[in-house]
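Right, one structure below, let's go through it.
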Amino acid sequence: MRSRHSGFVLAVPTAGMDSQDLSSAAETIRHADSVVAMTGAGVSTASGIPDFRSEDGLWNRYDPNDFHVSRFRADPEGFWRDRVEIVKDLFGGDIEPNAAHHALADLEGARHLDTLITQNVDGLHQAAGSEDPIEIHGNGQRTVCTDCDSRFDIDPVMDRVTDGETPPTCTHCGGVLKPDVILFGEPLPENELRRAQAASRNADVFLA
């Protein structure tokens, strides 16, 4: 735990924190006016979702360039075939929220966590009960139409791709569907980024 300006940045959890450290962190959170947490891939590995850049990460098994927005635009058919495979790796089996997701949802429910920012696209924070996480990389449980912005659940779209519909198209306007995530080469969504920046600036405790 270290001071930053008038607040604290807490790296949580860490193996080196003893009971006194944990008590101090809890007390700091309990009396804070505004608490923000930010999570990344590491918070979901205990749920069986692989991370991206570790020794066993996804980018050691897939070429990141295959998931670049330029590839999606030039070869949506091939992009979607590869997307089916990586989604099976990411979300294959029964994926459930783990203790970290539930702890953050409990903090939010107890009004000790004001804002949750996540880089993850797995939707596990919502499944654990977090009401409105700021998803700065989008949500992999949805697709979005590149023409009319209509959104659809991912599972029926994946079934359509598996059955040979590549690329899948919007049932409203016929536009090509894209995973509702930020691909390589795309900017972060402006609204979510503004919300995350504003909350972080105003926080007196930031959990990372």
_Two-decimal Rg to Rh for the chain - Kirkwood Rh, Cα set_ = 1.01
*With a probe of 1.4 Å, find how much accessible area region 123-208 has per residue, and write the answer as a whole number in Å².*
51 Å²
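Once the piece of chain linking residue 68 and residue 82 is laid out straight, how much longer is it, given 0.36 nm per residue of separation minus the C-alpha distance between them?
Length gained between residue 68 and residue 82: 3.9 nm.
Sequence gap at least 6, Cα distance under 8 Å: using those rules, report the relative contact order of region 31-101 to the nearest whole percent.
Relative contact order of region 31-101: 34 percent.
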*Could you tell me how many degrees, from 0 to 90 and to the nearest 10, lie between the Cα long axis of helix 99-109 and the main elongation axis, the longest principal axis, of the Cα atoms of the chain?*
70 degrees
*Angle, helix 19-30 long axis vs. longest principal axis of the chain, Cα atoms, 0 to 90°, nearest 10?*
80 degrees
_Just to check, using Stokes-Einstein with a Kirkwood Rh over alpha carbon pairs, what's the diffusion coefficient of region 147-208 at 4 °C and 1.567 mPa s in µm²/s?_
89 µm²/s
*Counting only residues 5 or more places away or on other chains, whose amide H sits under 5 Å from the amide H of residue 169 once H atoms are built in the peptide plane?*
177
*asked:* Going by amide H atoms built from the backbone, whose H comes under 5 Å of the H on residue 39, apart from near neighbours?
replied: 117, 118, 119
_Could you tell me the relative contact order of the chain? Use alpha-carbon pairs under 8 Å, at least six residues apart, and round to a whole percent._
29 percent
*Percent relative contact order of region 65-178, based on C-alpha pairs within less than 8 angstrom and at least six residues apart?*
22 percent
*Between residue 60 and residue 45, what length comes free when the chain is fully extended (0.36 nm per residue of separation minus the Cα-Cα distance, one decimal in nm)?*
3.8 nm
*So what's the angle, to the nearest 10 degrees on a 0 to 90 scale, between helix 76-91 and the longest Cα principal axis of the chain?*
40 degrees
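The values are calculated or read from the model by the stated rules, or taken from the named source; none is laboratory data. Bear in mind the structure is a predicted one, so any value in this text is a computation, not a measurement. Quick note on the areas: whole protein, heavy atoms, side chains included, nothing else; ligands and nucleic acids left out. Shrake-Rupley method; radii C 1.70, N 1.55, O 1.52, S 1.80 Å.
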